[in-house]
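Engineer: I have a structure I would like to understand better, so I am pasting it below and will then ask my questions one at a time.
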Amino acid sequence: MRDRVPVVVQGGGRRGRRAGLAGVLWASAELIVTMGVVVLLLVVHQVWWTNRQAMAAAHEQVQALERSWGGAGPDPGPPPQAPAGGDPGPGVPSQAPAGRVPDAAATGTAAGPAERQDPEGGGGRQDRAYAVLRIPRLGLVVPVAQGVDKRAVLDKGYAGQYPGTAGPGERGNFALAGHRNTHGEPFRHIDRLRAGDELIVDLRGRRFTYVVGKILSQTTERDTGVIAPVPRSVVKPDQGYSEPGAYITLTTCTPEYSSKYRLVVWGTLRAAR
């Protein structure tokens, strides 16, 4: 009987290792793709879906306000303001040129003690819209609520009034903040405004028409002079006004999808009826 010669197959271990490595790479690729899809869905939700939700809710709020005004009695005048010297809460500026101008895309601080009258007659609430801002050049119609709280006001697609600032039509500075991107992004295109454009504020049967006068394309978050009673930048002192009057201020973040700087639009009251 002939002795059998054992046959040694070379490379089997290498093939096994290669197969194992290929499996790891395939699993890693699947994980990366899955994570990419999840991130994409989150971006779609944040940029697109929150816009749709906030825009629709803000539109409904404007309609509700207009319906309530249609059956309202005599105009009671501007809603009550915060008491002079009241603390608006941490991170929210008062009229004094100190502190910081909140990030309309990220601030989550309390709105402060000022409250607006609930237009539905349900009591004072800071997160309830009390006026409507219209900007014809932009085709914008947005409800205005008291405070710049992110969740309670700005994320609803509203424009929020800085606590302690003047009411619509009043002497002083009616100062508003709004999202530049996401959550309805009402102030996304205020950089397109030009001197002479109208900013219209409706308040329970009354209309206050402001006219854009000056635009500060970029300033820091700590430039609270822009929302002072006589608005004037403390970072760029040549920008702003020097005499008392009835002003409106719109603030938002700049550049888009960033909260590094603030964009400011100022206007003056032209007519009230």
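Engineer: Step by step: first the residues of the range 157-196, then only those that are modelled with pLDDT of 95 or more and of a type in the set (S, T, N, Q), then the one that is surrounded by the fewest Cβ atoms within 10 Å (Cβ to Cβ). Which residue is that?
Structural biologist: Asn173
Engineer: While we're on this one: Could you grab me the full set of residues in the range 131-148 that are buried (at least 24 other Cβ atoms within 10 Å of the Cβ) and part of a loop (DSSP other than H, G, I, E, B)?
Structural biologist: Residues satisfying the conditions are Gly147, Val148.
Let's see how each residue does on (1) within 30 Å of Asn181 (Cβ to Cβ); (2) assigned to a helix (DSSP H, G or I); (3) modelled with pLDDT under 75; (4) among the small types (Gly, Ala, Ser):
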| position | (1), (2), (3), (4) |
| --- | --- |
| Gln10 | no, no, yes, no |
| Arg14 | no, yes, yes, no |
| Arg17 | no, yes, yes, no |
| Glu30 | no, yes, no, no |
| Val38 | yes, yes, yes, no |
| Glu66 | yes, yes, no, no |
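Engineer: Follow-up. Run down Leu199, Leu154 and say which single residue is crowded, with 23+ Cβ neighbours inside 10 Å and touching a Phe, Trp or Tyr at 6+ places or on another chain (Cβ under 6 Å). Quick ask: steps written out before the conclusion?
Structural biologist: Numbers: Leu154 fails: touching a Phe, Trp or Tyr at 6+ places or on another chain (Cβ under 6 Å).
The unique qualifying residue is Leu199.
Engineer: Of all residues in the range 226-263 being touching an Asp or Glu at 6+ places or on another chain (Cβ under 7 Å), closer than 27 Å to Phe208 by Cβ and not aliphatic (A, V, I, L, M), which is surrounded by the fewest Cβ atoms within 10 Å (Cβ to Cβ)?
Structural biologist: Within the range 226-263, the match that is surrounded by the fewest Cβ atoms within 10 Å (Cβ to Cβ) is Ser233.
Engineer: Please specify each residue of the range 171-196 satisfying the condition of being farther than 18 Å from Val226 by Cβ and in a loop (DSSP other than H, G, I, E, B). Reasoning before the result, please.
Structural biologist: So the first thing to find is which residues in the range 171-196 are farther than 18 Å from Val226 by Cβ, and the list is 181-186, 188-189, 192, 194, 196.
The answer is Asn181, Thr182, His183, Gly184, Glu185, Pro186, Arg188, His189, Arg194, Gly196.
Engineer: Let me ask something additional. Taking the condition of being without any contact (Cβ under 8 Å) to a residue 60 or more places away in the chain and in contact with a helix residue (DSSP H, G or I) (Cβ under 9 Å, 6 or more places away or on another chain), how many residues in the range 237-272 meet it? Steps first, please.
Structural biologist: Our first condition is that a residue be without any contact (Cβ under 8 Å) to a residue 60 or more places away in the chain; within the range 237-272, this holds for 237-243, 255, 258, 260-261, 264, 266, 268.
Cutting the leftovers down to in contact with a helix residue (DSSP H, G or I) (Cβ under 9 Å, 6 or more places away or on another chain) gives us 237, 239-240, 264, 266.
Number satisfying all stated conditions: 5.
Engineer: Something else now. Any idea how many residues of the range 153-170 are closer than 22 Å to Gly225 by Cβ, part of a loop (DSSP other than H, G, I, E, B) and under 13 Å from the mean Cα position of the chain (by Cα)? Let's see the steps before the verdict.
Structural biologist: If we filter the range 153-170 for residues that are closer than 22 Å to Gly225 by Cβ, which is where we start, we get 154, 159-168, 170.
Pick out the ones that are also part of a loop (DSSP other than H, G, I, E, B) and you get 162-168, 170.
Okay, now just the ones that are also under 13 Å from the mean Cα position of the chain (by Cα), so 162.
Number satisfying all stated conditions: 1.
Engineer: Taking the range 202-220, which residues are crowded, with 18+ Cβ neighbours inside 10 Å and outside any strand (DSSP E or B)?
Structural biologist: Selection gives Arg204 alone.
The values are calculated or read from the model by the stated rules, or taken from the named source; none is laboratory data. A quick note: this is a predicted structure, and the numbers were derived from the prediction, not measured. Glycine also receives a Cβ, built like all others from the backbone with ideal geometry; neighbour counts cover every protein chain displayed.
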